[in-house]
1. Looking only at the stretch B:215-240, which residues are within 14 Å of another protein chain (Cβ to nearest Cβ) and touching a helix residue (DSSP H, G or I) at 6+ places or on another chain (Cβ under 9 Å)?
2. Scan (1) outside the structural domain of residue A:97 (by TED's automatic domain parsing); (2) at pLDDT 95 or above for the single condition residue A:351 breaks and write down its number.
3. For a quick check of your reading: which helices (runs of 4 or more DSSP H) sit entirely within the stretch B:272-363 and have at least 3 residues that are buried (at least 19 other Cβ atoms within 10 Å of the Cβ), within 13 Å of chain A (Cβ to nearest Cβ) and more than 25 Å from the chain's Cα centre (by Cα)?
4. Quick one: would you say residue A:425 is part of a helix (DSSP H, G or I), touching a strand residue (DSSP E or B) at 6+ places or on another chain (Cβ under 8 Å) and in the same structural domain as residue A:466 (by TED's automatic domain parsing)?
5. Somewhere in the stretch B:66-80, is a residue touching a residue at least 12 places away in the same chain (Cβ under 8 Å), crowded, with 20+ Cβ neighbours inside 10 Å and within 14 Å of chain A (Cβ to nearest Cβ)?
6. If residue A:100 satisfies all but one of (1) in contact with a helix residue (DSSP H, G or I) (Cβ under 9 Å, 6 or more places away or on another chain); (2) assigned to a loop (DSSP other than H, G, I, E, B); (3) within 14 Å of another protein chain (Cβ to nearest Cβ), what's the number of the condition it fails?
7. Residues that are modelled with pLDDT of 95 or more, in contact with a helix residue (DSSP H, G or I) (Cβ under 8 Å, 6 or more places away or on another chain) and under 25 Å from residue A:10 (Cβ atoms): does the stretch A:149-156 have at least one?
8. Would you point out the residue of the stretch B:89-115, among those that are assigned to a loop (DSSP other than H, G, I, E, B) and crowded, with 24+ Cβ neighbours inside 10 Å, that is farthest from the other protein chains (Cβ to nearest Cβ)?
């Protein structure tokens, strides 16, 4: 990568995500993946003569919500335009999109990258319709229009990204936000996220932009990363060998791992945008926008930072509660009842989650109250029970829902920290195991652990382990 | 003579049990058989289907249905072949959709069906409603029933000719720049272009979406009011339809126009007006004054830009609206080695010259680098034209204008000169650009030959009641609407001029 140290990349991304709506953008057909070809279609999404589009309000709502999650301004007025070009997968041969009056503008995404928080500015987020899917057979081609008219959100970033890895991190952060906000399921396998990339390179430290090259046809985030890695190298080698780059569009071939030129600037489409006369401008009321604003959720990064700050959790634990939001929400209920949230987090993550997986239970099936975990943590922290007993208590409370103290009382698990009682157990153990005692005295330190185990066994696990060690050593050495 | 009766007249006969829907429908079908070879108002009709609907209407009546809940029960209504009816052809007068059958109903078709109408026949038109003479139909021109060597106007020429010739009691047309009012004037019948948003466009194949509007073509003002009431109203399937209550338009009809202020746009009484048209309009003014209306001169200063504005906006929208006819999913396909070649071959063979001309005009007007100078500028002028009207309507309740500068012209007279044809729409275009309503009513005839002349009343947005009232008062005070053309009857076996209508099964 030595060549890239003299050059830097300037990258902007256009990310398309399918919105999670029940019906399509302009008609009542189901927005559903995987149905047999051309079964979710009607005169409107097939573009039959005489039909008209009617905007799906839920799609407009999700678009504005996405805009708010991306810290965008929501303009008072948005409009739909027609983007005119011929393609067999496009029923009307124009795509309805928001051209110069999008639903969201000027936002940003913050995300963790290489140990720091990075910010990529969002130029705009606008609503448009998806097209059908072309299929090529031996002799013929076909088009499946199930996808035609599915609401699609296009998120355009500023060229703030400087490497393939950073693009990858940005895309993952964006995806997390959209999944978090319920905007899209972002299922890559189902083609719910697609991405176009604009990339140019320039000598490091200069400010003039190089020729912008657009890459299309990446169908995964790792594909985007690979395409960028390839393309940045390619552009740098061209420049280094004295060549020139021209503004153009290239196609990524995932099989061979290279980009190929599709068209240069002079063959660029003239899309003849104009306002769609079939649709009225969208002018949401203040009340409407405020109602959407109420659905703005905490973003993954903010949540992670808050969990680390407020509960003093390590990054790994906080991440678990970002990745599994309901579990994190449950943890917050627990954390309110304990001075030791980290201890509580261990129980939630290591014990409760494991048992839930084992028994196939969900959070709603949990029989004990969240504060019970706080109680258990306190019992351990106050030395009332040993951590070994605590495991037994947790298993019991998971099974029955009984409170930890009740279980401890019922089973007599209160830790024995009374020196006289512990000494009695130690004496018993020493008397019963002359062999190990001799070993220890002969210098085999490991024998002490065996004797400790015997004491714990005699006390049915209740003896305070620290005290046991202390007393045994004293007796054997003394 | 059932075929000489109006919708209202037929309805009272039906209500009194003096005839049946089957008998009425049969009569019109017979009339069509007799004179279609001369007029060619229809592209197609399905007699068996029409009679089935008529029998159904008769059955409903026998079980208690009546005009009260179904105002068009048993009345045959024909539709311009650009309005979708499920199971009926939808050719738009174009080769590219010559074999297309609509799988769905337009909203107006649904409303007519609910009102009990018998939907029969597909009326001829200029291809995709682009034209003023019906000569641009891929299925051959329609002839004016008053003079078979003359055009019926357009683009709803088939609808106006059919009503004038007694082939159907009423019809629906569409009006983008005068396509209902001008043929109505040329054929001596009534044509109403409602306010933009008054009638749902769902199922009206789009020519210029921001200008198109469906409206009735009828023999009388009363029938126009009746049909308008049936087809009007907000439609959740058309975002541009307006949530404005539908008045009882029949109740608006009164013979009295005392105190109504009618504007005379100064810019409209220009030198291009044919002397006999001018005379008829001036006579009509006198009639209205005698009826008590106040005539006031008003000004619409941006009138001179209307044609240029229209011929930028309408083709721009058309170029996009007609992009879907590509041979991929339906309609004509002419194969080619790749999709682009297939598009070119299909559209080259499927569209006629006027449609191609407008697609090219519109594509040019929207092109990058020209958009601001043409389309955007035209939209701004359009706003000024609308403001002209709204300002004038602060002074007057309605306006009176000619419909067309000339009486019906000869077939072929203007078809070689598109610009001349475009200019003949001068008095009707502004109404669409402004989004207001207008009605055309017969107001006289030229002397030799005897050709109908129409007068236009323009109203405020949603001011249909006012223009219907004026039109009705004028109609009742005159007898022009009572005259019908005499069409020589021919047997179906006589050699037919032009391309005959395709008779289906």
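The values are calculated or read from the model by the stated rules, or taken from the named source; none is laboratory data. Since we're looking at a predicted model, the values are computed, not measured. Glycine also receives a Cβ, built like all others from the backbone with ideal geometry; neighbour counts cover every protein chain displayed.
1. Correct list: B:235, B:237, B:238.
2. Every listed condition holds for residue A:351 apart from (2).
3. Filter on the stretch B:272-363 gives B:339-350.
4. Spelling it out, residue A:425 is indeed part of a helix (DSSP H, G or I), touching a strand residue (DSSP E or B) at 6+ places or on another chain (Cβ under 8 Å) and in the same structural domain as residue A:466 (by TED's automatic domain parsing).
5. yes
6. For residue A:100, the failing item is (1).
7. yes
8. B:93
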